[in-house]
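Where a number appears in this text, it was derived from the coordinates with a stated rule and is not lab data. Predicted model only: the values in this text are computed from it and were never measured. Positions of Cβ are generated from backbone atoms using ideal geometry, with glycine treated the same way; all protein chains shown enter the neighbour counts.
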Amino acid sequence: MKRSMALAVLVALGACAAQPPAEELPPETGVDGGLETRAPDTCGAAAFADLLNRPRAAAASVREPKRIVAPGDIVTTEYNPNRVNIGVNEAGIITELGCG
């Protein structure tokens, strides 16, 4: 019984040693990830720059698709390059515009 256990351990160790080395990942490209890797202003958010520092109600003038995000809001993570994301602060003032 001890011999069969020892043999099983040796076979298992041999199987691990026989595997080829893991493929290395390509070197980093310098891109940080996230929104920086996406095309800028695919949704035309720059056209709404005059809304910055205005009340949340001013976002009604933004065409659909749009998403208004306040601190603490739960948002989905799918990326829609045509959607205008409008960030508002705790006071309900528009502080950010972007695509996604």
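Restricting segment 50-91 to trypsin sites (Lys or Arg not before Pro) that sit in a DSSP loop and have at most 11 other Cβ atoms within 10 Å of their own Cβ leaves ARG63.
Mind listing which GluC sites (Glu not before Pro) in segment 55-100 are in a DSSP loop and have 14 or fewer other Cβ atoms within 10 Å?
GLU78, GLU90
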